[in-house]
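Student: Encoded as structure tokens, here's the structure I'll be asking about.
Nothing in this text is a laboratory measurement; each read-out follows from the coordinates by a stated rule. Note that the structure is predicted; figures quoted are calculated from it, not measured. Glycine gets a Cβ as well: all are built from the backbone with ideal geometry, and neighbour counts include every protein chain shown.
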Amino acid sequence: MRRFVIVGRHALASPDFLLDDLPGTSGRLDVLLRSVRAALLVSHGIRAGARVYLVLLGGPRAPRTLRFDSATAKFFRPDERSLATLARKVLAHDSASERFVEIKPGVALAAAGLAAVDEEIGAAPLVVLREDATDVRTAELPNGAVFVVGDHLGFDAATEAWIAGRDALAVSLGPVSLHTDDAIAVLSNELDRRAL
Ligand SMILES: C[S@@+](CC[C@H](N)C(=O)[O-])C[C@H]1O[C@@H](n2cnc3c(N)ncnc32)[C@H](O)[C@@H]1O
């Protein structure tokens with residue numbers, strides 16, 4: 001199972017954004033939804049065994065976390081507007097559970113942030129993507145790793161503390177700082193080549 005965690009520092013944890021102006025009204029949820037596409041969707045299909053956690057830290061309902069799972073996904077389409085429509089429907093749900101509750105096929109919601117992720121991944125090894133780390137091409141990636149990727153602003157202090165507390169391995173994808181979704185696409189290619 002491939003798992004990714006992306007923390008949206010300002011991404012709205014409520015459905016109060018406009019589909020016609022997603023970047024301008026959602027705290028850049030668009031960045032996170034493109035990452036879902038990169039992690040879960042391939043040409044004409046969906047990857048087997050992939051899961052994405054979007055930790056939403058923006059707005060008064062934060063923190064909340066969306067979980068997208070390829071195993072139970074239905075109606076996942078690659079365009080940003082469709083994914084935003086799906087996310088908005090799930091975020092409109094009032095579930096107060098701090099554990100994940102599936103609201104739509106393949107999309108679950110938890111009324112908690114990294115604590116909800118911790119609860120699910122247990123002691124799984126963490127790998128954080130950083131521009132200035134060991135090259136992924138020479139890195140030995142632990143089995144069952146959970147990959148942590150920053151949004152357009154990188155990591156906030158609380159997420160850095162979480163990463164440090166879990167003793168994460170840091171790997172780089174090369175000398176150029178990429179957009180979050182492109183970083184996930186490059187990493188996915190590396191994992192595909194290793195059949196991980
Ligand atoms: C747009 S970058 C963040 C840039 C942000 N200004 C910063 O300083 O962290 C988004 C995320 O993608 C990942 N990333 C981008 N380029 C990378 C690279 N060359 N190697 C490893 N990770 C990368 C990192 O996790 C980064 O936090």
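Student: Could the peptides 145-154, 184-193 be put in order, highest first, of the mean number of other beta-carbon atoms found within 10 Å of their residues?
Tutor: For the peptides 145-154, 184-193, the packing ranking is 145-154, 184-193.
Student: Once you sort the root eigenvalues of the Cα gyration tensor of the stretch 102-187 as a ≥ b ≥ c, which label holds: rounded (a/c under 1.5), prolate (a/b larger than b/c) or oblate (the other case)? Kindly include the intermediate steps, with their values, before the conclusion.
Tutor: Details: a/c = 1.65, a/b = 1.48, b/c = 1.12.
Prolate, because a/c is 1.5 or more and a/b exceeds b/c.
Student: Can you tell which of His10, Gly49, Ala38 lies farthest toward the positive end of the dipole of the chain, using +1 and -1 charges on the Cβ of basic and acidic side chains (Lys, Arg; Asp, Glu)?
Tutor: Of the options given, the answer is Gly49.
Student: Same structure again: How far is helix 80-91 tilted, in degrees, relative to the longest principal axis of the Cα atoms in the chain, given as a value from 0 to 90 rounded to the nearest 10?
Tutor: With both axes taken from Cα atoms, the answer is about 70 degrees.
Student: Going from the alpha-carbon gyration tensor of the stretch 19-99, what semi-axes, largest first and in whole Å, does one get by taking the root of 5 times each eigenvalue?
Tutor: 21, 16, 11
Student: Next up: If amide hydrogens are placed 1.01 Å from N in the peptide plane, which non-local residues have theirs closer than 5 Å to the one on Phe100?
Tutor: Residues meeting the criterion, in which the H sits 1.01 Å from N, do not exist here.
Student: Taking only Cα atoms, what is the 0 to 90° angle, nearest 10, from helix 180-193's long axis to the longest principal axis of the chain?
Tutor: Approximately 50 degrees, to the nearest ten.
Student: Give, to the nearest whole percent, the P(r) tail of the stretch 2-189 beyond 19 angstrom, counting all Cα pairs.
Tutor: Numbers: 9646 of 17578 pairs.
Value for the stretch 2-189 (Cα pairs over 19 Å): 55 percent.
Student: Let me ask another. Just to confirm the number: angle between the C-alpha axis of helix 29-40 and the first principal axis of the chain, 0 to 90 degrees, nearest 10?
Tutor: Taking Cα atoms only, the helix is inclined about 60 degrees.
Student: With +1 on the Cβ of every Lys and Arg and -1 on the Cβ of every Asp and Glu, and nothing else charged, how large is the dipole of the stretch 2-189 about its Cα centre, in debye rounded to the nearest 20? Mind dumping the intermediate values first?
Tutor: Values: 21 positive and 23 negative charges, 123 e Å.
With only Lys, Arg, Asp and Glu charged at Cβ, the dipole is about 580 debye.
Student: Calculate how many DSSP beta bridges within the chain are antiparallel, expressed in % of all such bridges and rounded to the nearest 5.
Tutor: Antiparallel bridges make up about 45 percent of those DSSP assigns within the chain.
Student: Taking K and R as +1 and D and E as -1, what net charge do the other residues with C-beta under 14 Å from the C-beta of Pro23 add up to?
Tutor: Every neighbour counted, the sum reads -3.
Student: Looking at the stretch 1-92, which trypsin sites (Lys or Arg not before Pro) are in a loop (DSSP not H, G, I, E or B) and have at most 13 other Cβ atoms within 10 Å? The partial results should precede the final answer.
Tutor: Values: sites: Arg2, Arg3, Arg9, Arg28, Arg34, Arg37, Arg47, Arg51, Arg61, Arg64, Arg67, Lys74, Arg81, Arg88, Lys89; in loops: Arg28, Arg47, Arg61, Lys74.
Filter output for the stretch 1-92: Lys74.
Student: Within the stretch 40-118, report the chymotrypsin sites (Phe, Trp or Tyr not before Pro) that DSSP leaves as loop and that have at most 14 other Cβ atoms within 10 Å.
Tutor: Values: sites: Tyr53, Phe68, Phe75, Phe76, Phe100; in loops: Phe75, Phe76, Phe100.
Listed in order of number, the matching sites are Phe75.
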